[in-house]
Amino acid sequence: MSHVDVTIEGIAVSPGIGIGQACVLSTPDIDTGQGRMLSASVPAAGRHTARNVDAELARIEEAVTQAIADLQALRAQTEARLGANEAAIFDAHRMMLEDPEFRSAIDARIREEGAGAEAAVQNTADQYIALFDAIDDEYLKARAGDVRDIASRLLRLLTSGAQDTAVLPNQVTHPLFGQTILIAEELSPSDTVSLDPVNVAGIATVRGGATSHAAILAKSLGIPAIAGAADLLQQARFEDTVIIDGDAGIAILRPSPETTALYENRQEEQRRILRELESQKGQPSVTLDGCAIELFGNIGSPSDVQAVLENGGEGVGLFRTEFLFMERSRPPTEDEQYDAYRQVAEAFGEKPVTVRTLDAGGDKELPYLDLPTEDNPFLGLRAIRLCLAHPNLFETQIRAILRAGVHGNLRMMLPMINTVDEVRQAKAIIDKVKGDLKRDGVSFCADVPLGIMIETPAAALHADALAEEVEFFSIGTNDLIQYTLACDRGNPDTASLYTPYHPAVLSLISASIQSANRAGIPVGLCGEAASDEKLIPVFLAIGIDSLSMAAGFIPRTRAAIRRSRCEQPEGYIEALLQLPDAAAVEMYLEM
Amino acid sequence: MVEKQVILRNASGLHARPAAEFVKIAQSFESDIKVIRGESEWSAKSILALLSGGISAGDEIAIRADGADEQQAIDALTALLASFEEQDGAQ
């Protein structure tokens with residue numbers, strides 16, 4: 001076969017390795033000349049001018065009724081399989097399907113323009129999609145994907161009979177077809193949730209990113225996925241072999257036998273680790289030479305707690321509270337926050353739960369704060385800066401954390417600290433809140449430990465002074481890498497510059513750990529590098545106390561720790577930090 | 001027919017959850033209800049219409065109801081918008 005080993009770079013959306021046969025869901029132009037088909041899985045829908053108007057209206061009625069029933073069933077299945085948050089996606093779809101204006105626009109096209117049911121649905125949906133696409137607002141733009149989903153649901157029902165609830169072509173989910181790699185312009189949430197991980201080995205789409213509804217569902221299902229794969233959609237042919245590397249965000253089309261073997265080994269290694277992990281559950285994370293490391297989970301809401309406990313997490317190293325503040329029309333109240341923090345505190349009992357105060361701004365917008373648009377949001381009013389500028393918002397959160405502190409072992413952590421002064425300002429606010437709580441006679445925990453994130457070069461270089469002010473450090477590698485190397489990993493043109501192996505990044509991490517060790521305060525590391533098996537021995541050798549990561553990475557990290565040593569030959573780290581570049585560091589670590 | 005001018009003061013305007021709540025309340029009335037901004041108007045009972053209108057904080061809008069329960073509809077919807085504003089302010 002020609003053109004073996006074509007590597008297509010995309011964006012990592014859902015982790016893991018998938019190898020299978022391509023099933024390309026093409027997006028042909030429709031014959032109404034109105035642009036592209038709405039969904040890959042819909043047969044071409046034509047204009048049916050000669051149809052009987054009443055019959056077409058009846059077909060629409062039947063399709064809408066059936067679609068609502070299907071959505072209800074899908075909602076129930078999703079709730080049982082993945083959870084209430086995932087299921088709520090389909091409530092929004094139902095509201096759109098029941099929208100009287102959407103419906104009357106479809107009916108009007110049939111009555112007044114003599115359109116067939118399919119063309120009427122298609123054109124009406126296209127009109128809304130165009131409206132949403134034109135709005136300069138990420139939230140509203142993303143609603144175009146939801147309109148596409150409901151429209152393709154209707155079109156499927158119209159073209160394949162009212163009883164057909166199959167979302168994807170049969171061969172995709174048919175066990176005899178073997179392991180499939182789905183390649184499409186876009187996969188809708190409905191499509192994604194109906195996939196069976198036994199048959200679908202991976203997903204590659206053109207549109208979508210790590211935060212789309214479909215991506216969240218793929219991760220929940222454990223199907224490796226990448227986005228930004230336009231070249232793959234163009235080049236892949238039906239039943240071509242494709243490898244999806246959801247960790248690196250790449251696809252390999254028509255891999256050579258050698259490449260396939262390499263990835264099969266990696267896949268087998270991942271599976272072996274999973275089995276090993278099952279057997280190591282509950283065992284301590286101790287190195288071969290006896291150093292104990294605490295392994296914590298990262299969470300975004302109380303619903304993530306279960307996964308951390310199931311994977312043997314020894315606490316929470318990073319509770320990203322911003323998710324409580326997002327996708328809302330107003331901030332969560334003190335009691336809403338208190339409930340969330342209390343639930344997590346209670347679930348972990350004696351084990352520590354590190355609550356990071358609001359880390360918004362940057363790419364995480366809070367519409368209700370009505371913040372001015374910034375030229376450089378990542379260098380702007382984000383994280384602790386935002387909280388200090390909105391003391392009411394900050395005080396409410398601190399009250400909730402201190403109150404929840406009586407129900408478990410909570411710690412409070414400030415994001416994006418650069419200066420001692422920022423810590424002191426935050427402490428003054430915390431002290432004021434404690435005074436208020438005492439005055440109000442509300443029960444609270446007065447000695448919740450206070451720590452900071454080290455995630456800028458300034459904080460890392462200034463860590464000795466910062467360590468005097470706080471009770472623990474947590475090194476946030478994702479932002480530290482971005483700020484140290486001055487590159488945006490979401491930008492495809494600079495993403496390749498983003499690497500934890502750059503000697504400058506490792507030098508800053510090393511300096512931060514050493515400062516904490518000198519001051520005698522615990523230091524942890526969160527961010528993706530925390531679960532990087534090559535780097536774990538480096539962090540151990542410098543003197544890290546804990547690592548925090550997504551729950552799914554805890555077991556394999558525990559296994560890696562149990563295979564590692566914390567003592568390294570003299571000069572090992574010093575030599576590493578002297579290396580010329582990231583590639584040299586990677587080679588050094590593989591030796 | 002009853003019409004009332006309102007300035008949207010809650011920070012997120014009529015996006016996401018506020019829009020959904022607004023539409024659900026509007027749908028509970030028989031009257032024909034419109035949201036008007038400048039030259040444009042949208043059905044208050046249509047989530048797609050309201051979202052695609054991109055109505056934002058600070059926008060001056062009018063709510064117009066026409067039908068048997070027009071006054072109740074206007075009262076309920078303006079009260080809802082005021083409650084968004086209060087919840088914003090309470091924090």
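For residue A:536, work out the one condition from (1) farther than 23 Å from residue A:355 by Cβ; (2) of a type outside the set (Phe, Trp, Tyr); (3) over 25 Å from the mean Cα position of the chain (by Cα) it doesn't fulfil.
Condition (3) is where residue A:536 drops out.
Return the residues of the stretch A:131-146 that are outside any loop (DSSP other than H, G, I, E, B) and at the interface with chain B (Cβ under 9 Å from one of its Cβ atoms); say none if nothing qualifies.
Passing the criteria: A:131, A:132, A:139, A:140, A:143.
Only residues that are more than 19 Å from the chain's Cα centre (by Cα), within 9 Å of chain B (Cβ to nearest Cβ), of a type outside the set (Lys, Arg) and buried (at least 17 other Cβ atoms within 10 Å of the Cβ): list them for the stretch A:326-371, please.
Passing the criteria: A:329, A:331, A:332, A:334, A:367, A:368, A:369.
Of the residues A:443, A:474, only one is part of a loop (DSSP other than H, G, I, E, B), assigned by TED's automatic domain parsing to the domain that holds residue A:369, of a type in the set (Ser, Thr, Tyr) and out of contact with any Asp or Glu (no Cβ under 8 Å at 6 or more places or on another chain); which?
A:443
Filter the stretch A:324-362 down to residues that are out of contact with any helix residue (DSSP H, G or I) (no Cβ under 7 Å at 6 or more places or on another chain) and within 26 Å of residue A:548 (Cβ to Cβ), then give me how many there are.
Count: 11.
How many of the residues in the stretch A:432-454 are free of Cβ contacts under 8 Å to residues at least 12 places away in the same chain and either surrounded by 11 or more Cβ atoms within 10 Å (Cβ to Cβ) or in contact with a strand residue (DSSP E or B) (Cβ under 9 Å, 6 or more places away or on another chain) (or both)?
Selection size over the stretch A:432-454: 1.
Restricting to the stretch A:104-120, and then to whatever is closer than 26 Å to residue B:28 by Cα and free of Cβ contacts under 8 Å to residues at least 40 places away in the same chain, can you tell me which residue is farthest from the other protein chains (Cβ to nearest Cβ)?
A:108
So which residues in the stretch A:311-325 are buried (at least 24 other Cβ atoms within 10 Å of the Cβ) and either part of a strand (DSSP E or B) or in contact with a Ser or Thr (Cβ under 6 Å, 6 or more places away or on another chain) (or both), if there are any at all?
A:316, A:317, A:318, A:319
Pick from A:540, A:508: which is in a helix (DSSP H, G or I) and more than 30 Å from residue A:269 (Cα to Cα)?
A:508
Name the one entry in A:118, A:113, A:62 that is farther than 30 Å from residue A:303 by Cβ, crowded, with 23+ Cβ neighbours inside 10 Å, acidic (Asp, Glu) and over 34 Å from the mean Cα position of the chain (by Cα).
Result: A:118 is the single residue among A:118, A:113, A:62 that is farther than 30 Å from residue A:303 by Cβ, crowded, with 23+ Cβ neighbours inside 10 Å, acidic (Asp, Glu) and over 34 Å from the mean Cα position of the chain (by Cα).
Select from the stretch A:557-583 the residues that are surrounded by fewer than 20 Cβ atoms within 10 Å (Cβ to Cβ) and of a type in the set (D, E, K, R) and list them in ascending order.
Matches in the stretch A:557-583: A:562, A:563, A:565, A:567, A:570, A:574, A:581.
If you take the residues in the stretch A:219-233 that are over 11 Å from residue A:201 (Cα atoms), in contact with a strand residue (DSSP E or B) (Cβ under 7 Å, 6 or more places away or on another chain) and among the small types (Gly, Ala, Ser), which one is surrounded by the fewest Cβ atoms within 10 Å (Cβ to Cβ)?
Top of the filtered list is A:228.
Taking residue A:89 as the residue in question, decide whether it is of a type in the set (A, V, I, L, M), away from every other protein chain (no Cβ under 14 Å) and farther than 16 Å from residue A:156 by Cα.
Here the answer is no, as residue A:89 does not meet what is asked.
Please give the number of the condition residue A:308 fails out of (1) in a helix (DSSP H, G or I); (2) more than 13 Å from every other protein chain (Cβ to nearest Cβ); (3) over 30 Å from residue A:277 (Cα atoms).
The failed condition is (3).
If only one of A:488, A:532 is touching a helix residue (DSSP H, G or I) at 6+ places or on another chain (Cβ under 8 Å), within 30 Å of residue A:207 (Cα to Cα) and acidic (Asp, Glu), which one is it?
Result of the check over A:488, A:532: A:488.
Take the residues of the stretch B:14-34 that are within 12 Å of chain A (Cβ to nearest Cβ), outside any helix (DSSP H, G or I) and in contact with a helix residue (DSSP H, G or I) (Cβ under 9 Å, 6 or more places away or on another chain): which is surrounded by the most Cβ atoms within 10 Å (Cβ to Cβ)?
B:14
Can you give me the number of residues within the stretch A:477-493 that are under 20 Å from the mean Cα position of the chain (by Cα) and either outside any helix (DSSP H, G or I) or not assigned by TED's automatic domain parsing to the domain that holds residue A:583 (or both)?
Within the stretch A:477-493, residues that are under 20 Å from the mean Cα position of the chain (by Cα) and either outside any helix (DSSP H, G or I) or not assigned by TED's automatic domain parsing to the domain that holds residue A:583 (or both) number 6.
Rundown of residues vs (1) within 22 Å of residue A:140 (Cβ to Cβ); (2) crowded, with 21+ Cβ neighbours inside 10 Å; (3) within 14 Å of chain A (Cβ to nearest Cβ); (4) touching a residue at least 24 places away in the same chain (Cβ under 8 Å), yes/no style:
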site	(1), (2), (3), (4)
B:58	yes, no, yes, yes
B:61	yes, yes, no, yes
B:73	no, yes, no, yes
B:79	no, no, no, no
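Looking only at the stretch A:361-375, decide whether some residue is assigned by TED's automatic domain parsing to the domain that holds residue A:477, under 24 Å from residue A:477 (Cβ atoms) and either among the hydrophobic types (A, V, I, L, M, F, W, C) or touching a Ser or Thr at 6+ places or on another chain (Cβ under 6 Å) (or both).
no
Provide a single number: the residues in the stretch A:227-255 that are over 16 Å from residue A:14 (Cα atoms), part of a loop (DSSP other than H, G, I, E, B) and charged (D, E, K, R).
4
Has the stretch A:406-427 got any residue that is touching a residue at least 12 places away in the same chain (Cβ under 8 Å), buried (at least 17 other Cβ atoms within 10 Å of the Cβ), within 14 Å of another protein chain (Cβ to nearest Cβ) and in a helix (DSSP H, G or I)?
no
When you scan the stretch A:375-392, do you find a residue that is within 14 Å of another protein chain (Cβ to nearest Cβ), surrounded by fewer than 19 Cβ atoms within 10 Å (Cβ to Cβ) and over 25 Å from the mean Cα position of the chain (by Cα), even just one?
Within the stretch A:375-392 (the criterion being within 14 Å of another protein chain (Cβ to nearest Cβ), surrounded by fewer than 19 Cβ atoms within 10 Å (Cβ to Cβ) and over 25 Å from the mean Cα position of the chain (by Cα)), the answer is yes, since at least one residue qualifies.
The values are calculated or read from the model by the stated rules, or taken from the named source; none is laboratory data. Fair warning: this is a prediction, and the values are worked out from it, not measured in the lab. Neighbour counts run over all protein chains shown; Cβ positions are idealised from the backbone, glycine included.
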